[in-house]
Amino acid sequence: MSLIFIAPPLQLNTSEIARYAGVDLYVLRLDLMHPWVNGNKWFKLKYNLLEAKEKNFTTLLTFGGAYSNHIYATAAAGNLFGFRTIGVIRGEERLPLNPTLSFAVQQGMQLVYLNRETYRQRNTPALHEYLQQRFGEVFIIPEGGSNLNGVRGCTEIVNEAIAFDYICVACGTATTLAGIVLSLHQGQKAIAFPVLKNGAFLAQEIESLLTNYLASGLPAPYSSPASWELVCDYHFGGYAKVNNELRLFSQQFTQEHNVPLDYVYTAKMFYGVMDLLKQGFFCRGVPQRGCRRHRLLLVHTGGLQGNIGMEKLWSDRNAI
Ligand SMILES: *Cc1c(COP(=O)(O)O)cnc(C)c1O
């Protein structure tokens, strides 16, 4: 099994706002690594797939919502690397399938639906046992690929990005952030933008992810994690909530810079960064390694597949 993808391109963003704010802005385009298996979801899958292969599993089973980037990536990666895949989907089946799920089925994924109450038990041994009985020997990957294997993959996202002062990333479970923090050098700082309401609770999650990872003995580039900060003001009402301002921002940004953004994650992070630039947020302290200006790396975590379903929902709604 070959797990080599082309390194994601770095793109310099020539935003007026950045120039005005006196920083250099780069975008790490994880969305461009592979047409289907890309973004942070690939990094979270990588070591899960390797473990499954090593343990001779032929079937992967995982969990997600009906628009899940993780379901999409798992279906495609399973197909690419020769695994059967089963996707356990939250809620009732709705036909016709939305674009995310119909892609998953095209990639050979078998879909199973659990009502919301049962789905809530997705991390319990009891439900895992039930699923093993129903589907046989399956390698279970948690929702979002959010386990220590997932963190490990994410330590490889910005590994060599030593020239940057700030690494900015959108944040759901903070698995990706934890991996990034574990790979930063001293003096670098990760800025995380939760896309959920009241994201401050993530601070504790992050600490325990870091502690558990370091205690696990899995490889960590640096044993003393670098610093990080949560910026909780750019959730736009909560998970997958989008208002007109965010929609407009996202569309304008795509047009101006040729960087498409997904509405659920990256649009909120990019919006937040642009807003903070105006406030001089990133100009504190001395720039890294003799640079004259502070350098920011915005991690584009992918997720663009979700826009198709979301835009379809909006146009259906307008048609009523
Ligand atoms: C899942 C996802 C995230 C959030 O990753 P976490 O590791 O859960 O914090 C961010 N961006 C995109 C595009 C995603 O699909």
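The values are calculated or read from the model by the stated rules, or taken from the named source; none is laboratory data. The structure displayed is predicted, hence computed values, not measured ones. No Cβ is skipped: glycine too gets one built from the backbone with ideal geometry, and neighbour counts run over all protein chains shown. Surface accessibility is based on the protein's heavy atoms, side chains included, excluding ligands, DNA and RNA. Shrake-Rupley method; radii C 1.70, N 1.55, O 1.52, S 1.80 Å.
General remarks:
- All positions within the stretch 164-215 that are closer than 11 Å to Glu229 by Cα, within 13 Å of the ligand (Cβ to nearest atom), over 14 Å from the mean Cα position of the chain (by Cα) and in a helix (DSSP H, G or I): Val181, Leu202, Ile206
- Residue count for the stretch 45-60, restricted to those that are farther than 15 Å from Ala75 by Cβ and among the polar types (S, T, N, Q): 2.
- Top-ranked residue in the stretch 253-273 [being farther than 17 Å from Cys171 by Cβ and in a helix (DSSP H, G or I); ranked as least open to solvent (accessible area, probe 1.4 Å)]: Phe253
- Among (1) polar (S, T, N, Q); (2) part of a loop (DSSP other than H, G, I, E, B); (3) under 20 Å from Leu30 (Cβ atoms) - the single one Ser250 does not satisfy: (2)
- Filtered by the rule that a residue be open to solvent by 60 Å² or more (accessible area, probe 1.4 Å) and closer than 16 Å to Arg152 by Cβ, the stretch 193-238 gives Thr211, Asn212, Leu214, Ala215, Gly217, Pro219, Tyr222, Ser223.
- Per the listing Gly285, Gly302, Gly272, the residue uniquely touching an Asp or Glu at 6+ places or on another chain (Cβ under 9 Å), on the phi < 0 side of the Ramachandran plot, touching a residue at least 60 places away in the same chain (Cβ under 8 Å) and of a type in the set (Gly, Ala, Ser) is Gly272.
- Test: residue in the stretch 117-129 that is in contact (Cβ under 8 Å) with a residue 12 or more places away in the chain and aliphatic (A, V, I, L, M): no
- Residue within the stretch 286-297 that is β-branched (Val, Ile, Thr) and within 16 Å of the ligand (Cβ to nearest atom) present: no
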